[in-house]
1. Number of Lys-Lys pairs in the chain under 23 Å by Cα, sequence gap 8 or more or different chains?
2. Picking from 140, 155, 84, which is most flexible by a Gaussian network model of the chain using Cα springs under 10 Å?
3. Compare 108, 46, 86 in a GNM of the chain, Cα atoms joined below 10 Å, and give the one with the largest fluctuation.
4. Taking Rh as the Kirkwood radius, which is the inverse of the mean 1/r over Cα pairs, what is the Rg/Rh value for the chain?
5. Please get the size of the charge dipole for the range 61-107, origin at its Cα centre, with Cβ charges of +1 on Lys and Arg and -1 on Asp and Glu, quoted in debye to the nearest 20.
6. So if we plug the beta-carbon distance of residue 46 and residue 108 into 1/(1 + (r/R0)^6) with R0 = 30 Å, what FRET efficiency do we get, rounded to 0.05?
Amino acid sequence: IIIRRGEEAASLYIIKSGKVDVFIADENGKEIVLNTQGAGEYFGELALLGDTDRSASVVAVEDTECCLITREDFMEFLNTHPEINLSLIRGLVSRVIALSENLGNMALLDVYGRIAKLLVESAQNEDGQLITEEFTQQDIANRVGSSREMVNRIINTLKDGEYISYKGKRIILLKNLPALW
């Protein structure tokens with residue numbers, strides 16, 4: 001865990017290498033992943049700009065190295081380099097749009113629809129095959145707001161229908177996923 005929701009914000013983090021998940025968890029440990037970020041991306045700016053506590057937690061999901069910028073240095077940098085403000089605003093707008101889309105998916109798509117969308121959007125073409133990043137069933141559940149058991153049922157149905165197969169922890173999309181489950 002790099003930062004915890006509710007902590008006082010004192011710094012911004014820039015990811016030098018590795019990957020992190022930005023998430024919210026309840027008191028029972030159930031969590032939803034809001035965003036995954038990698039090298040060159042940053043987090044922690046919302047609390048600094050809004051002068052509030054941390055709105056989400058961030059955990060490294062692989063070996064990760066970050067640069068830390070204190071609130072004072074961050075604010076001084078923004079004051080001495082006003083051209084950065086527009087870039088920062090664009091980044092925030094992109095995050096708001098992504099969160100709005102995720103909220104819409106949660107409200108308008110069933111669990112299967114959210115899983116199918118995640119698989120299709122995360123798949124990259126590798127040697128003529130569409131292959132996702134590494135996902136455990138719990139990773140998928142955390143990203144789509146479902147239980148691991150429900151994800152397991154859907155994934156098994158897709159495997160049985162020969163829509164997907166596995167390559168380690170990566171999922172290969174063998175053909176277009178069905179519109180409905």
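Each reported figure results from applying straightforward, stated rules to the coordinates on display, with no laboratory input. The structure displayed is predicted, hence computed values, not measured ones. Using ideal geometry, Cβ is built from the backbone for each residue, glycine included, and neighbour counts are taken over all protein chains shown.
1. 14
2. Result for the chain, Cα springs under 10 Å: 84 fluctuates most.
3. 86
4. With Rg and the Kirkwood Rh in hand, the quotient comes to 1.02.
5. So the magnitude is around 340 debye.
6. About 0.70, to the nearest 0.05.
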